[in-house]
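Here the structure is laid out as structure tokens; the discussion comes afterwards.
The values are calculated or read from the model by the stated rules, or taken from the named source; none is laboratory data. Note that the structure is a prediction, hence the values are computed from the model and not measured. Positions of Cβ are backbone-derived with ideal geometry, glycine not excepted, and every protein chain shown enters the neighbour counts. Areas reflect the complete protein model, heavy atoms only, side chains present, ligands, DNA and RNA absent. Shrake-Rupley method; radii C 1.70, N 1.55, O 1.52, S 1.80 Å.
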Amino acid sequence: MKIVNRMENLSPSVTLAITALARELKAQGKDILSFSAGEPDFDTPQIVKDAAIKAINDGQTKYTAVEGIIATKQAIINKLKKDHGLEYKLDGIVISNGAKHSLFNLFQVLIEKGDEVIIPAPYWVTYPEQVKFSDGIPVFIDTDDSTEFKITAEQLKAAITPKTKILLLNTPSNPTGSIYSKEELLALGEVLKGTDIIVLSDEMYEKIIYNGKKFVAAAEVSSDMYNRTVTINGLSKAVAMTGWRFGYIATPNVALAKSLTKLQGQVTSNVNTMTQYAAIPALEGKADKDIEMMRVEFEKRKNIAVKSFNEIKGLSTIDPDGAFYLFVNIKEVSNDSMKFCAELLEQKGVALVPGLAFGSEGYFRFSFATDLASIQEGIKRIKEFVENK
């Protein structure tokens with residue numbers, strides 16, 4: 001049986017592979033601490049679970065419209081209006097099986113062979129793989145600690161070519177936790193004025209914000225940015241609904257939304273019905289107390305982890321404003337993040353994701369979406385490992 005050639009260009013997810021390996025080693029009885037998964041250690045809020053149970057008991061177990069039920073789409077519209085002052089129509093919302101699915105649909109619908117997609121690095125591991133699978137060309141803009149891993153207007157201008165189709169933004173960022181301010185987004189928007197470049201803004205971590213900062217959506221900074229921006233979001237991270245698979249896109253371009261719906265209708269059809277009903281109270285703000293409880297705990301863990309890593313000779317990390325990751329600089333102790341992480345797992349039983357997986361050598365990603373005791377023990381083991389190198 002011959003597998004199609006395009007599969008040879010698709011790399012497996014390093015984060016999922018490392019997480020699976022850590023679980024396997026743990027199942028073998030080894031003392032493993034994993035900081036590789038981007039998954040909250042908290043349970044889904046009870047009000048969300050109750051809504052799903054009620055939907056089942058009410059017989060809401062049939063197919064729905066491909067793009068989602070009206071009540072859930074309206075809840076998304078109301079949320080975007082309340083949080084960001086953005087106006088969308090029902091036919092501009094498409095609900096998919098997680099934000100990863102939303103992105104895949106978008107790339108399939110928007111990219112022609114040879115189109116370029118600008119991706120700031122470090123980046124979430126899935127972005128370039130989906131672009132390549134869609135016959136697009138990822139164009140990376142490298143960043144580092146000095147700019148908090150954010151691209152500048154000058155870098156964006158230099159990266160644009162006649163083949164540029166999309167600018168992909170992730171704010172707050174996975175893996176760095178960096179957030180673009182309103183001023184920074186406006187500056188990027190100025191560069192894009194007069195072009196047909198689409199902005200895909202992945203805002204999955206928008207509710208997980210620290211240091212007193214305020215999240216600003218890309219689409220809300222100007223009318224020009226609103227018209228060119230497709231917002232991708234979901235409930236996996238902030239509402240601890242990773243396994244429920246709920247993502248969505250919001251666009252003022254109704255023709256785009258219709259194309260996304262047409263594609264999804266031939267691939268997966270609707271998101272499971274109970275998840276759609278469960279999402280409504282979360283979108284309506286009825287789980288906000290749970291979200292804030294998780295955010296406060298994440299911030300507490302972040303502060304301890306940042307201080308601890310910056311006290312280890314040879315390591316350093318910026319203090320992220322969002323998400324639940326640290327992108328730790330190891331350049332003083334290693335120029336090979338894959339080797340560093342492999343040896344650390346073997347010698348100390350600590351699982352991390354190497355920076356190379358995110359397009360930035362000389363770093364590792366550390367998820368603090370786990371209990372404080374594990375975080376402290378994990379950093380202790382990392383410190384011992386670095387001191388013995």
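Things worth noting here:
- Test result for Glu87, in contact with a strand residue (DSSP E or B) (Cβ under 9 Å, 6 or more places away or on another chain) and assigned to a loop (DSSP other than H, G, I, E, B): no
- Scope the stretch 63-84; condition farther than 19 Å from Leu260 by Cα and assigned to a loop (DSSP other than H, G, I, E, B); matching residues: none
- Taken over the stretch 1-33, the criterion of being open to solvent by 50 Å² or more (accessible area, probe 1.4 Å), closer than 28 Å to Gln130 by Cβ and either modelled with pLDDT of 90 or more or part of a loop (DSSP other than H, G, I, E, B) (or both) is satisfied by Met1, Lys2, Ile3, Val4, Leu10, Ser11, Pro12.
- Any helices (runs of 4 or more DSSP H) falling wholly within the stretch 123-240 and containing at least 1 residues that are surrounded by 19 or more Cβ atoms within 10 Å (Cβ to Cβ) and among the hydroxyl-bearing types (Ser, Thr, Tyr): 126-133, 223-228
- Set Val139, Val131: member being within 17 Å of the chain's Cα centre (by Cα) and free of Cβ contacts under 8 Å to residues at least 40 places away in the same chain: Val131
- Selected residue (criterion: surrounded by the fewest Cβ atoms within 10 Å (Cβ to Cβ)) from residues of the stretch 321-345 that are in a loop (DSSP other than H, G, I, E, B) and touching a helix residue (DSSP H, G or I) at 6+ places or on another chain (Cβ under 7 Å): Val333
- Residues within the stretch 291-315 that are open to solvent by less than 70 Å² (accessible area, probe 1.4 Å) and over 20 Å from the mean Cα position of the chain (by Cα), tallied: 8
- Assessment of the stretch 95-105 against the conditions (of a type in the set (Gly, Ala, Ser), assigned to a helix (DSSP H, G or I) and touching a residue at least 40 places away in the same chain (Cβ under 8 Å)) yields at least one matching residue.
- Looking across the stretch 362-389, the residues that are assigned to a loop (DSSP other than H, G, I, E, B) and either free of Cβ contacts under 8 Å to residues at least 24 places away in the same chain or crowded, with 17+ Cβ neighbours inside 10 Å (or both) come down to Gly362, Phe368, Ala369, Thr370, Asn388.
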